[in-house]
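For reference, the structure discussed in these notes is given below.
The values are calculated or read from the model by the stated rules, or taken from the named source; none is laboratory data. In this text, all values refer to a predicted model and were calculated from it rather than measured experimentally. Glycine also receives a Cβ, built like all others from the backbone with ideal geometry; neighbour counts cover every protein chain displayed. These accessible areas exclude ligands, DNA and RNA; they are computed on the full protein's heavy atoms, side chains included. Shrake-Rupley method; radii C 1.70, N 1.55, O 1.52, S 1.80 Å.
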Amino acid sequence: MGILDRYLVREIAIPLVLGLTLLTFILELPPILQQGEEFIARGVEWSIVARALVTLLPQALCLTIPMAVLLGILVGFGRVSADREFVAMQACGVSLMRLARPVLFVSALGTAATAYETIVALPDANQTYREIVFVLLAQRVESTVKPRVFFQDFPNKVIYVREVPPEGGWKDVFLADTSNPNETTVYFAKEGRIRLDRAQRRVQLELIDATANTTHADRPDAYEENAFERLFLTLDPETVFRRPPSRGAREMTSGELREEIAMAANRNDPAYEARFMLQQKLSLPLACPILALIGLALGATNRKDGKLASFAVGMAVIFLYYVLLWGARAAAMGGQFSPELAPWTPNVVLGIAGVVLLFWRSRAADQPIRAGLPAFLQRWAGGGARSTGATAAPTNRPLLVVRVPVLNLPRPKILDLYLSREYLRVLFLGIVSLLG
């Protein structure tokens, strides 16, 4: 790589990293608030909470890496164009195609990173997260019982406790057991807790200083009462040690997706999601070079728009790409569009647009994109202006002049208005971008 290549890569890398960090944080914020709060409320250690949330990163990075590549190129070239460095490059004979070398290098790195996240990291991370969640639920089933709330997650059992001490266990326990359809047993205990043995898949409910009261449906007059210093009731292990969920389409590798599609064909199942995910694993990485071409065509100009305009254009392109992607996905899931073609739709549309823009910009690099009025509207506007000027005639009517005293009230100065206008532009752009 030459000096120019290294210089442009450095200009692209800084906004790329900043954009990747910001966009990933925005997409990760909802699961952090939702899942993290649930983990912390259950008393899960911080190390496990962090590990569980890290496993959610690949699903965000699959989307944010192509976004960051586009923003990095647009903002980097926007700075170069605003400082008239692109004009100097053109004066030295540097063409737009010559600038494509560092852009393609950055897009190749983005493609490799997105391919790894989509094909390798995403299936394993999603499955790991689901297994962590289910193991935590099994280990902390005791804390799921809330004081003064009837707990009915165990089949045929209702638990009510008066107090849940911070150190664990329960105080003043009421348990109604209807496992036997012909009888009902009600237990009262001063203390209770869950005893788990994961190795032997055994779950026991321990009651201390308990009494058992049993009634029979076929013998209404019969009544039994027993007292126990320590009583162990065995629970169905499947209600606590739930098996980790099977891999869905998002958790499957490419080979597993192909097997799922083949098995679905045998049972006449269209398998829309599996077919879509198999193609999306290839289409998402290739979004990086396509968005990079668009970034090069829109970013390398002689206009002094700067980084703010580049950021606005980047957010608009990103919004268009993912609207096309998720719109095509919705059509594919509904059987209205081919699941094999749906992931490639935004790539094809924006790829064609990128090539056209690149060749157009290479021929007239200093021409901004303009949208003019149709010819008949221009003629109408011009004719109206001329006719208005022709009919206007001076008048000799007397004028009434009213002099108003000048009040020296404090009002915004030119600098105040300028800074306020710039601030409002950035504020409006930020709000619109984040909502998009």
Qualifying helices (runs of 4 or more DSSP H) (wholly inside segment 44-93; at least 3 residues being in contact with a strand residue (DSSP E or B) (Cβ under 8 Å, 6 or more places away or on another chain) and either open to solvent by 50 Å² or more (accessible area, probe 1.4 Å) or over 15 Å from VAL17 (Cα atoms) (or both)): none
Can you spot a residue in segment 65-81 that is touching a Leu at 6+ places or on another chain (Cβ under 9 Å) and closer than 26 Å to GLU131 by Cα? no
Conditions first: (1) crowded, with 19+ Cβ neighbours inside 10 Å; (2) at pLDDT below 85. ARG329 passes all but one, so which condition is the exception? (2)
Could you count how many residues in segment 204-260 are more than 33 Å from the chain's Cα centre (by Cα), of a type in the set (Val, Ile, Thr) and either assigned to a loop (DSSP other than H, G, I, E, B) or modelled with pLDDT of 85 or more (or both)? 4
Quick one: GLU37 ticks every box in (1) within 23 Å of the chain's Cα centre (by Cα); (2) closer than 30 Å to TYR322 by Cα; (3) modelled with pLDDT of 75 or more bar one, so which box is it? (3)
Limited to segment 94-131, what total is found for residues that are touching a helix residue (DSSP H, G or I) at 6+ places or on another chain (Cβ under 7 Å) and closer than 26 Å to PHE39 by Cβ? 8
Counted residues, segment 163-192 - those being at negative phi and in a strand (DSSP E or B): 18
Going through (1) among the small types (Gly, Ala, Ser); (2) in contact with an Asp or Glu (Cβ under 9 Å, 6 or more places away or on another chain); (3) modelled with pLDDT of 80 or more one by one, ALA82 fails only at (3)
Any chance you could count how many residues in segment 1-43 are charged (D, E, K, R), open to solvent by 60 Å² or more (accessible area, probe 1.4 Å) and assigned to a helix (DSSP H, G or I)? 4
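GLU28: modelled with pLDDT under 85 and not hydroxyl-bearing (Ser, Thr, Tyr), yes or no? If you could, list the steps in order and put the result at the bottom.
Working: modelled with pLDDT under 85: yes; not hydroxyl-bearing (Ser, Thr, Tyr): yes.
Yes; evaluated as a whole, the condition is true for this residue.
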Scan segment 94-110 for residues that are among the polar types (S, T, N, Q) and buried (at least 22 other Cβ atoms within 10 Å of the Cβ) and jot them down. SER107
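Out of PHE311, PHE319, PHE337, I need the residue that is surrounded by fewer than 16 Cβ atoms within 10 Å (Cβ to Cβ) and in contact with a Ser or Thr (Cβ under 9 Å, 6 or more places away or on another chain). Which one?
Numbers: PHE311 fails: surrounded by fewer than 16 Cβ atoms within 10 Å (Cβ to Cβ); PHE337 fails: surrounded by fewer than 16 Cβ atoms within 10 Å (Cβ to Cβ).
Being surrounded by fewer than 16 Cβ atoms within 10 Å (Cβ to Cβ) and in contact with a Ser or Thr (Cβ under 9 Å, 6 or more places away or on another chain) holds for just one of PHE311, PHE319, PHE337, which is PHE319.
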If we keep only residues of segment 401-418 that are open to solvent by 100 Å² or more (accessible area, probe 1.4 Å) and modelled with pLDDT of 80 or more, then the residue farthest from ILE318 (Cα to Cα) is LYS413
